[in-house]
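Input: a single structure, listed below in structure tokens.
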Amino acid sequence: MTVEAGTAVPSGDAHEGGDNYLTHETGLKSWLFTLDHKRIGLMYLVSVLVMFFLGGVMALLVRTELLFNGETIMEADTYNKVFTLHGAIMVFLFIIPSVPAAMGNFFLPIMLGAKDVAFPRLNLASFWIYGFGTIFAIVAIVAGSVDTGWTFYTPYSARADSSVIWMTLAAFILGFSSILTGVNFIATVHKMRAPGIHWKRLPLFIWGIYATSVIQVLATPVLAITLLLLIMEKTLTIGIFDPALGGDPVLYQHFFWFYSHPAVYIMILPGMAVVNELIATFSQRKIFGYMFVAMSSVALALLGFLVWGHHMFTSGMSEYATMVFSALTFLVAIPSGVKVFNWVATLYEGSISFASPMLYGLSFIVLFTIGGLTGLFLGTLSTDIHLHDTYFVVAHFHYVMVGGTVFGFLGGLHYWWPKMTGKMYDEKLARVSWFLVFVGFNVTFFSQFIMGSQGMPRRYYDYLDQFQPLHMASSGGAYILGLGFIVMAYLFWKSLRSGEKAPPNPWASAGYEWMTTTPPHPHNFAETPVMKRGPYDYHLCTEEELWDGFPEDFEAKKAKA
Amino acid sequence: MTEPQGTVQLPPQLSTIAPEVDDMYYLIYWISVVFFVVITGAMLYFMYKYRRRPGRKAKAPGHATALEIAWTVAPLFLLVYLFHMGFQTYIHGSVAPDDAVDVRVRAMQWNWEFEHPGGVIDEMNLFKVPVNKPVRVIMSSSDVLHSLFIPAFRVKRDAVPGMYTSLWFEATELTDDRECEVDADCPEAHQCGRNGTCALPLFCTEYCGAPQNIQDSAGRNTNHSTMMADVRVITQEAYQEFLELGPPPPPECEGSDDMMECWGEQLYAVNGCVGCHSVDGSAGPAPTWQGLWGAQRAFDGGGSAVADENYIRESILQPQANIVEGYTAVNMPPYRLSDRQIDAIIAYMQTLSE
């Protein structure tokens, strides 16, 4: 027998102490050597949260140092190491694996109605490689006292010692984890969809993760090539990047951004992917222009490969190359705009709830719009010359990476928390922490736009007196942001300790992942589901499917009626 | 039209290209404001109008292919226009006029060196610029990447080791070089620069690291964020005079009674003369300067001369013309010094023969 969407909902027995993936096996070994994608996803989640905490502490140290001119809490060379740690941890160890590896692992198979990913052992291997790469990266940065910034530009990074090679090696190891996860997801999406999930019924979360996986598989090998060239230069003294040997330092920038620009889309696409789910669920409406939104993810993934040069307009690259990269960069605005317009259109005639995950979803639209529009200033050649390498750029990419990806990640965390843990959290506290995070974020980074357009260069330990008030405001915002995260950590901790039991579908979503029990069955669904409707077809859902309480309460209600 | 006054968003416009850049900035700014207001406005309105209420159900969206294509294609026209305008100004800023003054800029870890036409090398980290005259900056770096950025001129370009890069600008206003103690004493966009006078800041915007325990003359630890120079816009006449006379004496000597002697001693140190020529009579790879002035010099291969002004001048500018007997092992390179600097060295030498 099969479970058919539209005709059946999860049986009530599971939430009453029935089998679920958390209780199925116990002991440390059952976690470390699990092949269950949900457990691997959860381990990724814990790891990236630890990294997020570390990167966040570094961010607060940076902002505290910049509170006053001159030495506040650390010396210049320590400051350089701290901001390098902040950037490298946040990019390579937190944002890149955050949504795809943690939430993608947990929900991609469930949303496909599959039992697991296509290659469960490969999945575990990629987690282990991530763990090894993480330790390697932190040791490389700390032991090599890397102070180059997360971009490791040569020849500065190649001068002192070989720490840049170790750091690239760490990124290379982490890259393998990305590639394996990407291959796994691509195979899963192609081959493991439950009956009834054709491409036009694929949840938009999956479309986003799928596009991300394609970039991971295609772009990450470039990192390996760069590493090989760095090692050859160092050991065989062949001049590739180092001008002292006849190499070209601008070539390194080309290599670096040929990977790292697509990596920007590895970071933002999953954030957008989560927001699709949030907007649809909390407006109870199918995402407007579904196919356009799905294709815009694919378009962004492809365009992401063609615009790396816009990081290098002032680098001494030829004027013709500059022209081509600027023109291509403007094209990125089209699919980004399509997404934003469609999300807003989805709200039209919806039934909008302002539960905490939705607050993050709506914030995403506002913040990503600011992040995207300020990108126009940087894609335009004449204005980029003035703004390049100033705080304007810092503010721009934080609006995209934090206002976009991190808000998407946090929205997803709140949204899927009940499904993952089986516990509800304190909604009031969640709103308080959202408010602090939203306000704190804007105060921190909006002031940096003004500083940047006024000419404050980035990666500066000291600054002119005229920037003092704005630096103070920015640091103040960072403390509010930090406070918001403390409240959030408390509310999730409280939820784990004493949270109420979560019903299977607390947000009344039509999404496939809510059709299973909470927490999910070890095999996701007790029987293979057959999907008779799309994941956003609210108008086709029965009252029972959209019931946000426990199934037995629904039975009671029906009996009463 | 120039706006010497800065705004909340942008510093004052002190170069010919600045108004062009700023017009583009404000165009994009207002386009962004319109888009932002429309998007968030619609969002907030829908959030209020379609908030969840009992008894109201969401409507399923139909197909709106025409609308989708419209908002996919329409922004394209705007984007092409923005690209075109931005590229135009960029090219304008990339091609220097033919009558530009060429200034060589050498970036090195935590200092800027400026060499003006005629080989006039000014003090480190001081960039004198003639007003209303295009200046082409030709940059090189002797170590890592740096980037030259003058916010008030809206120009920026990386200095890359192993190649030349260039930019140009034309300053439109003289610098207000009033005396100051802190940046706040100076007018907008100025910093309190070297010697306690205001100047426009020139930043290094490509991260270039920080050493441990290396301090600049002011006793501060040098690093990427202290790699700044003073831009001083002076009249064309003053610039011409600067080119003819060469760099002025260092501030610690200026105005003192023995200014020339003091300056000569400073040049002796900073130009590396000290490496070969002693001033206390001790032997070295090159003749000592003690007692040199006015002495009879016998040359390798015959001939001799008295060490007078012309002899010293020749020895600095063309060291290989006549080599003193016994010193053929060392090849002294020619030094490009201004007449006044040579005078200062002569004055210093004279004190060593008294």
**OP:** Examine segment B:82-102 for a residue that is more than 25 Å from B:Pro134 (Cβ to Cβ) and not in a loop (DSSP other than H, G, I, E, B), and state whether such a residue exists.
**Re:** yes
**OP:** Pull up segment B:109-136, narrow it to residues that are farther than 19 Å from B:Gln236 by Cα and in contact with a strand residue (DSSP E or B) (Cβ under 6 Å, 6 or more places away or on another chain), then point me to the one that is least open to solvent (accessible area, probe 1.4 Å).
**Re:** B:Trp112
Original post:
Out of segment B:201-212, which residues are at the interface with chain A (Cβ under 10 Å from one of its Cβ atoms) and either charged (D, E, K, R) or touching a residue at least 12 places away in the same chain (Cβ under 8 Å) (or both)?
Top reply: B:Pro201, B:Phe203, B:Cys204, B:Thr205, B:Glu206, B:Tyr207, B:Cys208, B:Gly209, B:Ala210, B:Pro211
**OP:** Quick one: which residue in B:Ala96, B:Ala58, B:Ala64 is at the interface with chain A (Cβ under 9 Å from one of its Cβ atoms) and surrounded by 19 or more Cβ atoms within 10 Å (Cβ to Cβ)?
**Re:** B:Ala58
**OP:** Hey, can you tell me all the residues within segment A:450-461 that are within 8 Å of chain B (Cβ to nearest Cβ), farther than 18 Å from B:Ala199 by Cα and either open to solvent by less than 20 Å² (accessible area, probe 1.4 Å) or not in a helix (DSSP H, G or I) (or both)?
**Re:** A:Ser453, A:Arg458, A:Arg459, A:Tyr460, A:Tyr461
Original post:
Quick one: B:Phe149 ticks every box in (1) touching a His at 6+ places or on another chain (Cβ under 9 Å); (2) more than 9 Å from chain A (Cβ to nearest Cβ); (3) among the aromatic types (Phe, Trp, Tyr) bar one, so which box is it?
Top reply: (2)
Original post:
For segment A:129-150, does any single residue satisfy the condition of being among the aliphatic types (A, V, I, L, M), within 23 Å of the chain's Cα centre (by Cα) and modelled with pLDDT of 95 or more?
Top reply: yes
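For (1) of a type in the set (S, T, N, Q); (2) over 20 Å from A:Ala395 (Cα atoms); (3) at the interface with chain B (Cβ under 9 Å from one of its Cβ atoms); (4) over 20 Å from the mean Cα position of the chain (by Cα), each residue gets a yes or a no:
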| site | (1), (2), (3), (4) |
| --- | --- |
| A:Gly289 | no, yes, yes, yes |
| A:Leu303 | no, yes, no, no |
| A:Ala333 | no, no, yes, no |
| A:Tyr348 | no, yes, yes, yes |
| A:Val366 | no, no, yes, no |
**OP:** Run A:Leu491 past the list (1) open to solvent by 20 Å² or more (accessible area, probe 1.4 Å); (2) within 18 Å of A:Asp426 (Cα to Cα) and report the number of the one that doesn't hold.
**Re:** (1)
**OP:** Can you confirm whether segment A:60-80 contains a residue that is within 16 Å of the chain's Cα centre (by Cα), open to solvent by 10 Å² or more (accessible area, probe 1.4 Å) and not β-branched (Val, Ile, Thr)?
**Re:** no
Subject >> Candidate set from segment B:18-55 (those that are at the interface with chain A (Cβ under 8 Å from one of its Cβ atoms) and touching a residue at least 24 places away in the same chain (Cβ under 8 Å)); member that is nearest to the chain's Cα centre (by Cα) >> reply: B:Val21
**OP:** Starting from segment A:270-286, take each residue that is of a type in the set (Ser, Thr, Tyr) and list its partners that are open to solvent by 10 Å² or more (accessible area, probe 1.4 Å) and outside any helix (DSSP H, G or I), counting only C-beta distances under 6 angstrom and pairs at least six apart or across chains.
**Re:** A:Thr281/A:Trp507
Original post:
If you check A:Ala510 against the conditions, is it aliphatic (A, V, I, L, M) and surrounded by 15 or more Cβ atoms within 10 Å (Cβ to Cβ)?
Top reply: yes
Subject >> segment B:152-199, residues that are facing chain A (nearest Cβ under 8 Å), over 30 Å from A:Val250 (Cβ atoms) and of a type in the set (Ser, Thr, Tyr) >> reply: none
Original post:
If only one of A:Phe485, A:Phe554 is open to solvent by less than 20 Å² (accessible area, probe 1.4 Å) and part of a helix (DSSP H, G or I), which one is it?
Top reply: A:Phe554
**OP:** For A:Ala321, state whether it is within 13 Å of chain B (Cβ to nearest Cβ) and within 20 Å of the chain's Cα centre (by Cα).
**Re:** no
Original post:
Consider B:Ser32 against the criteria (1) more than 30 Å from B:Thr175 (Cβ to Cβ); (2) open to solvent by less than 30 Å² (accessible area, probe 1.4 Å); (3) touching an Asp or Glu at 6+ places or on another chain (Cβ under 9 Å): it satisfies all of them except one. Which criterion is unmet?
Top reply: (3)
Original post:
Would it be correct to say that A:Thr383 is farther than 30 Å from A:Leu436 by Cα, without any contact (Cβ under 8 Å) to a residue 40 or more places away in the chain, within 7 Å of chain B (Cβ to nearest Cβ) and open to solvent by less than 10 Å² (accessible area, probe 1.4 Å)?
Top reply: yes
Original post:
Going by the structure shown, is B:Gly281 out of contact with any Pro (no Cβ under 8 Å at 6 or more places or on another chain), open to solvent by less than 50 Å² (accessible area, probe 1.4 Å) and touching a residue at least 60 places away in the same chain (Cβ under 8 Å)?
Top reply: no
Subject >> Condition met for B:Glu115 (charged (D, E, K, R), in a strand (DSSP E or B), more than 7 Å from chain A (Cβ to nearest Cβ) and under 29 Å from A:Thr314 (Cβ atoms)) >> reply: yes
**OP:** Name the residue, out of A:Tyr425, A:Tyr391, that is in contact with a helix residue (DSSP H, G or I) (Cβ under 9 Å, 6 or more places away or on another chain) and either within 14 Å of chain B (Cβ to nearest Cβ) or open to solvent by less than 10 Å² (accessible area, probe 1.4 Å) (or both).
**Re:** A:Tyr391
Original post:
Would you say A:Ile141 is closer than 24 Å to A:Ile215 by Cβ, among the β-branched types (Val, Ile, Thr) and away from chain B (no Cβ under 14 Å)?
Top reply: no
**OP:** Answer yes if at least one residue in segment B:31-44 is of a type outside the set (A, V, I, L, M) and modelled with pLDDT under 90, and no otherwise.
**Re:** no
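The values are calculated or read from the model by the stated rules, or taken from the named source; none is laboratory data. A quick note: this is a predicted structure, and the numbers were derived from the prediction, not measured. Here the Cβ is made from the backbone with ideal geometry for all residues, glycine too, and neighbour counts use every protein chain on show. Just the protein is used for accessible areas: all its heavy atoms, side chains included, with ligands, DNA and RNA removed. Shrake-Rupley method; radii C 1.70, N 1.55, O 1.52, S 1.80 Å.
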